[in-house]
Amino acid sequence: MKGRFITIEGTEGVGKTTNIEFIHSLLKEAGREVVLTREPGGTPIGEEVRELLLGHKHDGMSDDTELLLMFAARAEHLDKVIRPALEAGKDVLCDRFTDATYAYQGGGRGIALEHIAVLENWVQGELRPDLTLLLDVPVAIGLQRAGQRSAPDRFEKEKHEFFERVRQMYLQRARAESQRYRIIDASQPLDAVQAQIHAALQGGV
Ligand code: Z5A
């Protein structure tokens, strides 16, 4: 595969949406053809699964159902979007991927990490992101920022402690895989955050 697989991650309100277009434009300026996509979602089936996962129609969904729906959407996304783009030499810039599953379903919900690893190996084979930008802010700041938005989805209704476990799992994984991850201090003003992102991308994949 010739394209590069770049993912952006973080807890609630870290500024992924705010920064992803900036990253997209930096990659395009560098002459790359880029497919911008997201999880859960990115395909017609994936977007329907996203509605099941984020909406309130299925409040009380079991943790295992949630995990398996994440990977069902991911299997379709890999088959229809991610692998074809990478094989065509395009970069894929994805708003969340399997690190989010380790953080939210593993750290947040408490599902055994070995169970997630089984699904990761099955659905992805050897494919892993080449570069992951982890936008990190203390949970209280992220929740305060996110609180300025519209009605909370099924995840956004979780409590502070849930997001603290999510954040700690992200940081633990970032430290363990420092070659792939770049931790961005997203508590800083936007121009300082974007300067860090710029430097991380210039550091190469
Ligand atoms: N999920 C999962 O559980 N397992 C999985 O495997 C996957 C996902 C793939 C949907 O994700 C949910 O799916 C997610 C985890 C779960 N649930 N949660 N939480 P999503 O990515 O679509 O949704 P999100 O986490 O809510 O992210 P978002 O909508 O993209 O928001 P954001 O990136 O966190 O923040 P933002 O909208 O860009 O910024 C928030 C506010 O802060 C906004 O007013 C900005 O103007 C402001 N902002 C941004 N940057 C700054 C700085 N630097 N200073 C000051 N203010 C700022």
- Item | Proximal charge balance of R4 [Cβ under 14 Å; K/R count +1, D/E count -1] | +4
- Query: Which sequence of I183, I141, I82 reflects their accessible areas, 1.4 Å probe, from the largest down?
  - Reply: I183, I141, I82
- How many nm separate the modelled label positions at A195 and Q179, each set 7 Å beyond the Cα in the direction of the Cβ? 3.1 nm
- Here the longest stretch of the chain that holds no GluC sites (Glu not before Pro) in a DSSP loop having at most 15 other beta carbon atoms within 10 Å is 34-125
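If exposed trypsin sites (Lys or Arg not before Pro) are those in a DSSP loop with at most 14 other Cβ within 10 Å, what is the longest stretch of the chain that has none?
Here the longest segment lacking exposed loop sites spans 58-148.
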- Surrounding net charge for Y170, when Lys and Arg each add one and Asp and Glu each subtract one, Cβ distance under 13 Å: +2
- Over the heavy atoms of L201, what accessible area does a 1.4 Å probe trace out, to the nearest 10 Å²? 30 Å²
- Message: For V193, what accessible surface area do you get with a 1.4 Å probe? Give it in Å², rounded to 10.
- Response: 0 Å²
- Item | Calculated on alpha-carbon atoms, Rg and Dmax of the chain in Å | 16.1, 46
- Query: Here are some pairs, K28/K80; K16/K57; K2/K28; K57/K157; which of them have Cα atoms lying more than 19 Å apart in this structure?
  - Reply: K28/K80; K16/K57
- Sorted from largest down, give the three principal axis spans of the alpha carbons of the range 33-92, whole angstrom values. 41, 17, 14
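The values are calculated or read from the model by the stated rules, or taken from the named source; none is laboratory data. Note that this is a predicted model, so its numbers are computed, not measured. Heads up, the Cβs are rebuilt from the backbone with ideal geometry, glycines too, and the neighbour counts pull from every protein chain shown. Just so you know, the surface numbers come from the protein's heavy atoms only, side chains and all, with ligands and any DNA or RNA stripped out. Shrake-Rupley method; radii C 1.70, N 1.55, O 1.52, S 1.80 Å.
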